[in-house]
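Asker: Below is a structure I'd like to ask you about.
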Amino acid sequence: MELYKHQNKALVITRPFNKVAYYLDMGLGKTFVGSEKMHELGNDMNIIVCQKSKIKDWIDHYIKYYDDYSIYDLTDKEQFRLFKDGIGLHKKKVGIINYDLIFRRSYFLELEDFTLMLDESSIIQNTKAQITKYILKMKPKNVILLSGTPSSGKYENLWSQIHLLGWKISEELYNKQYVNWEKENIGGTPIRHVSKKEPYKNIDRLKRKLCEYGAVFMKTEECFDLPEQIEIPINIQTSKEYRKFIKNSIIVFDTLNYTEFHDHSDFEGKDVTPRIELVGDTPLTKRLYARQLCGQYNKQKLQAFRELLESTNDRLIVFYNYNEELRKLKDAVEFYKKPLSIVNGETKDLTAYENEDNSVTLIQYQAGSMGLNLQKANKIVYFTLTDKSELFEQSKKRIHRIGQNQNCFYYLMICKNSIEEAIYETLQKRKDFNDELFKEYENLELERGE
């Protein structure tokens with residue numbers, strides 16, 4: 001396998017280490033660096049943990065580049081049995097499994113003297129989560145961590161990866177040395193949270209220390225001159241139903257009036273609910289429905305999306321959040337008879353994307369904002385925004401990566417004077433939009449309406 005200069009550099013830097021972290025920016029080829037490091041370590045037993053949508057990619061990668069391993073899909077019961085029994089063409093074996101499944105298999109806690117590779121290692125941020133607890137109980141000889149955003153800018157979430165690298169600092173001491181915590185009384189109960197003014201301290205020292213334990217940090221701009229990234233806001237009118245909902249926390253409306261179809265005859269033979277009632281009786285549900293009123297229930301946005309489809313024959317990548325959005329976006333793509341690819345929790349079909357210049361690829365954030373190589377396209381449409389900074393930053397890199405030779409355009413469909421503007425403003429600061437920020441937005445909107 002022929003590697004880029006920066007990939008070889010990462011391998012050379014970490015050659016003395018058997019526990020390493022490749023914190024390479026999205027698009028720099030962590031897959032190649034990680035698999036080569038695993039090959040250099042030469043262990044007979046190797047476990048790769050990744051997102052479910054990436055299992056086939058890892059299998060294809062090892063089949064293409066390494067002929068001295070037996071490869072097993074550990075989500076398949078029969079292949080899992082063969083892996084455990086050591087049945088295969090080669091002595092060395094690689095088993096690939098997803099995060100949501102591994103902690104349900106007690107077998108992995110029995111293993112010793114193996115290499116563990118965590119793809120998108122930022123997933124094990126929460127030390128109280130079952131997945132994280134399970135992985136920290138495993139007993140690997142070698143560790144390879146891969147992530148473009150190891151802590152999503154939240155250093156309080158980094159301790160699990162530090163522990164896997166072999167840095168024997170307690171979680172309590174780590175938090176004391178590198179995180180500024182504050183206590184706030186909420187309902188008479190003291191709650192600890194990270195300071196908003198100065199959340200972290202000693203970060204340069206932290207990164208130096210991580211490098212001493214086998215971590216490598218690389219940014220795209222240090223390795224390549226990639227094309228320009230251009231964000232193009234598409235302002236969408238916010239509906240009167242949205243404004244009523246923000247004020248009253250409840251709205252009932254006729255679905256037939258809030259659809260992408262031109263007239264009611266288009267509903268013949270379709271399974272639709274004539275009337276919708278949305279009740280925001282908790283901060284979570286109100287935030288959810290406010291977002292949906294800016295997306296799947298906003299006829300202006302759906303019409304603007306159709307017009308965008310009509311205006312180009314270029315490949316388009318479209319990010320969305322909810323299943324109902326997928327249904328309506330799919331209907332619009334099929335209306336214009338464009339080749340369609342879909343990536344979500346149930347489907348990963350990139351056939352149209354790979355083969356058709358005028359294809360439209362609909363991607364659900366959680367399933368496809370990480371790991372996909374989509375540099376055949378140079379245009380991304382954000383039909384709705386995610387509220388997670390990491391997913392947003394990762395999604396942009398699906399097209400802005402090695403091999404891209406055109407400027408990258410990002411079309412942001414944002415409802416004016418709505419929660420979407422607040423979310424976008426928060427994402428630009430590389431922060432998550434949470435219930436607390438929604439409450440601030442809601443209070444401001446209610447004050448404006450008085």
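Asker: Express in nm, to one decimal, how much length is gained between E346 and N202 on full extension, taking 0.36 nm for each residue of separation and deducting their alpha carbon distance.
Answerer: Details: separation 144, 0.36 × 144 = 51.84 nm, distance 4.27 nm.
Extra length from E346 to N202 when fully extended: 47.6 nm.
Asker: Place a point 7 Å from the Cα of K52 along the Cα-to-Cβ direction; which residues of the range 63-95 have their backbone N under 13 Å from it?
Answerer: 75-76
Asker: So, one more: With r defined as the distance between the Cβ atoms of D85 and K337 and R0 fixed at 51 Å, what FRET efficiency is calculated, to the nearest 0.05?
Answerer: Working: r = 50 Å, r/R0 = 0.99.
E(calc), rounded to 0.05, equals 0.50.
Asker: Mind running the shape call on the range 229-449? Use the C-alpha gyration tensor, a ≥ b ≥ c as the square roots of the eigenvalues: rounded below 1.5 for a/c, prolate if a/b tops b/c, oblate otherwise.
Answerer: oblate
Asker: Would you please give the residues with an amide H less than 5 Å from that of M45, counting only those at least 5 places away or on a separate chain, with H modeled from the backbone geometry?
Answerer: HN-HN under 5 Å from M45: K93, T115.
Asker: For the chain, just give the cysteines left without a disulfide-compatible partner, judged by no other Cys Cβ under 4.7 Å.
Answerer: Isolated Cys, the chain: C50, C211, C223, C408.
Asker: So for the range 5-223: antiparallel DSSP bridges make up what percent, rounded to the nearest 5? If you can, show how the numbers build up before the last one.
Answerer: Values: 7 of 35 bridges.
Within the range 5-223, antiparallel bridges account for around 20 percent of the total.
Asker: State which entries of K154/K397; K397/K429; K5/K196; K92/K397; K30/K91 exceed 29 angstrom in Cα-Cα distance in the structure shown.
Answerer: Numbers: K154/K397 20 Å; K397/K429 17 Å; K5/K196 39 Å; K92/K397 34 Å; K30/K91 25 Å.
Distance filter (> 29 Å) returns K5/K196; K92/K397.
Asker: Right, next: I'd like the antiparallel share, as a percent to the nearest 5, of DSSP beta bridges with both residues in the range 293-450.
Answerer: Numbers: 2 of 18 bridges.
In the range 293-450, approximately 10 percent of DSSP beta bridges are antiparallel ones.
Asker: If contacts are Cα pairs under 8 angstrom and at least 6 residues apart, what is the relative contact order of the chain in percent?
Answerer: On the way: 780 pairs, mean separation 65.1, N = 450.
Averaging sequence separation for qualifying contacts and normalising by length gives 14 percent for the chain.
Asker: For a quick check: with amide H placed at 1.01 Å from N, whose amide H comes under 5 Å from Y200's, ignoring anything fewer than 5 positions away on the same chain?
Answerer: Here N180 satisfy the definition.
Asker: What order, most packed first, do the peptides 193-199, 244-250 have when packing is the mean number of other Cβ atoms within 10 Å of each residue? Could the numbers behind the result be given before it?
Answerer: Working: 193-199: 11.3, 244-250: 16.6.
The packing order, highest mean first, is 244-250, 193-199.
Asker: Mind checking the full-extension length gain between E222 and R327? Use 0.36 nm per residue of separation minus the Cα-Cα distance, one decimal, nm.
Answerer: Numbers: separation 105, 0.36 × 105 = 37.80 nm, distance 4.09 nm.
The E222-R327 span can extend by a further 33.7 nm.
Asker: Further question on the same structure: Mind computing the radius of gyration and Dmax over the alpha-carbon atoms of the chain? Å is fine for both.
Answerer: Reported Rg and Dmax, both Å: 23.7, 73.
Asker: Still on this structure: What list of ³J(HN,Hα) couplings, whole Hz, do you get for the range 397-410 from phi and the Karplus terms 6.51, -1.76, 1.60, once you set θ to phi - 60° and write x for glycine and proline?
Answerer: Whole-Hz 3J(HN,Hα) from phi for the range 397-410: 7, 4, 10, 9, 7, 3, x, 7, 10, 10, 4, 9, 10, 10.
Asker: Pull up all non-local amide H partners of T384: gap of 5 or more, or a different chain, and H-to-H distance under 5 Å with H placed in the peptide plane.
Answerer: N321
Asker: Please find the FRET efficiency linking D281 to Q366, where r is the Cβ-Cβ separation and R0 is fixed at 30 Å, and quote it to the nearest 0.05. Intermediate results must be reported in sequence, preceding the final value.
Answerer: Working: r = 25 Å, r/R0 = 0.84.
Here the calculated transfer efficiency is 0.75.
Asker: Report for the chain the percent antiparallel among DSSP-assigned beta bridges with both residues inside it, nearest 5. Show your work: numbers first, answer last.
Answerer: Details: 14 of 66 bridges.
Antiparallel bridges: around 20 percent, rounded to the nearest 5.
Asker: If you don't mind, there's one more thing I want to ask. Expressed in nm to one decimal, what extension gain is obtained for the pair K137 and I169 from 0.36 nm per residue of sequence separation less their Cα-Cα distance?
Answerer: Numbers: separation 32, 0.36 × 32 = 11.52 nm, distance 1.64 nm.
Taking 0.36 nm per residue and subtracting the Cα distance, the gain is 9.9 nm.
Asker: 222 nm [θ] for the chain, helices only, -39500 (n - 2.57) per DSSP H run of 4+, per residue, to 500? Mind dumping the intermediate values first?
Answerer: Values: 20 runs with 172 residues, N = 450.
Helix contribution divided over all residues of the chain: -10500 deg cm²/dmol.
Asker: Going highest first, how would you order 338-350, 42-54 by mean Cβ packing within 10 Å?
Answerer: Working: 338-350: 17.1, 42-54: 20.5.
Ranked from most to least packed, the peptides come out as 42-54, 338-350.
Any read-out appearing in this document is the output of simple, stated calculations on the displayed coordinates, not a laboratory observation. The structure presented is a predicted model; accordingly, all values stated were derived computationally and were not measured. Here the Cβ is made from the backbone with ideal geometry for all residues, glycine too, and neighbour counts use every protein chain on show.
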